[in-house]
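Report on the structure given below.
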């Protein structure tokens, strides 16, 4: 399937404006909940209702290993991916603990963990046991990339059939801040230094090595020579298959699926933001269905969000991953939505309603 040929509907702008007008009727200063008001309006316009429903929500966590860890770009080895995914399967990892009181269903997915089988409690959608070391070989084949993207899309379809109204994204995979920085630099034609961070705590020497590895990968496959205005989806897929990761590919499919199946999808940190960027480049307009949770610590994240035209809500220097920043959005959205639906209206007070003067 040529994803770029899929036609997705524009979000209902009339409904969006009606919800914004509904916010104006709440007895408070105009636009005083800032980005939260816009997000509630976006969710409603996607849901197709002036009373948005986000009561049934899930977090999809793509778990995969990356062969590039063999180049010493991380403090940890691939065994950590397997271990944390196992905790997710038992609902004991960091994000699972944080999600307990937010009514978020956790859907951990093995899309490429380097192990035989899949941890108990984790959904088996394994494409292969980890990607190749992109300094020596492409991360994956084009066929594997397509399977990973369509896996993400299929998961969204299944979630919609099960009644989910909103999804969040997360990932687990040692080395994936390297793969995401490589994809980001190649797609946006940026210097590796501008988008590469310390991941899970690299020292100065480790960061220099990480940047060099990314540069070498981009040069090896001639990714700076790709003209995305000409090559389009094929060019993005070439970048993703050579220096990307299966978690990024799967999450790209989740963001594409959100647009195709009409479900808002929350971006977590840098890795999922890069996947969102790839989805938007593959399927223009997909960003209408995306919600940004926070501004992560990796330096490339703000660049990606600016490219997508999205604003973060949470600015807390987060760098945990797993979807932890994304699920932090739910209590905020719940509170905002409660005010929108149950808040005191100007018509029920003696106060004249504020008016937009500009």
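Any read-out appearing in this document is the output of simple, stated calculations on the displayed coordinates, not a laboratory observation. Just so it is clear, the structure is predicted and the values come from calculations on it, not from any experiment. Methodologically, a virtual Cβ is constructed for each residue, glycine included, from the backbone with ideal geometry; neighbour enumeration extends over all protein chains shown.
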- [ ] Report the label-to-label distance for residue 55 and residue 320 in nanometres (one decimal), using points 7 Å from each Cα along the Cα→Cβ vector.
- [x] 2.8
Open item on the list: With every atom except the alpha carbons ignored, what do you get for Rg and Dmax of the stretch 230-358, in angstroms?
Closed with: 17.9, 64
Task: Size-normalised alpha-carbon gyration radius of the stretch 313-358, reference 2.2 N^0.38 Å - done: 1.76
Task: Overall Cα dimensions of the stretch 76-165 - principal axes, largest extent first, Å - done: 45, 31, 21
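Once the piece of chain linking residue 75 and residue 189 is laid out straight, how much longer is it, given 0.36 nm per residue of separation minus the C-alpha distance between them?
Computed gain between residue 75 and residue 189 is 38.3 nm.
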Task: Expected 222 nm ellipticity per residue - DSSP helices of 4 or more, -39500 (n - 2.57), all of the chain, to 500 - done: -14500 deg cm²/dmol
Task: Additional length obtainable on full extension of the chain from residue 32 to residue 341, 0.36 nm per residue less Cα span - done: 109.7 nm
- [ ] Rank these for me by crowding, 255, 134, 346, 330, going from fewest to most other beta carbons within 10 Å.
- [x] 346, 330, 134, 255
Open item on the list: If you fit an axis through the alpha-carbon atoms of helix 176-188 and take the longest principal axis of the Cα set of the chain, what angle between them do you get, 0 to 90°, nearest 10?
Closed with: 80
- [ ] For the chain, find the longest principal axis of its Cα atoms and tell me its angle to the long axis of helix 79-89, 0 to 90°, nearest 10.
- [x] 30
Task: Cα centroid of the stretch 34-99 to Cα centroid of the stretch 221-274, whole Å - done: 17
Open item on the list: Please compute the modelled spin-label separation between residue 25 and residue 92, points set 7 Å along Cα→Cβ, answer in nm with one decimal.
Closed with: 5.1
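Antiparallel DSSP bridges in the chain: what percent, to the nearest 5?
5
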TODO: For the chain, compute Rh as the Kirkwood radius over C-alpha pairs and then the Stokes-Einstein diffusion coefficient at 10 °C and 1.306 mPa s; write the answer in µm²/s, rounded to an integer.
DONE: 78
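What is the projected area of the convex hull of the Cα atoms of the stretch 124-200, averaged over all directions, in nm²?
So the mean shadow area of the Cα hull is 6.9 nm².
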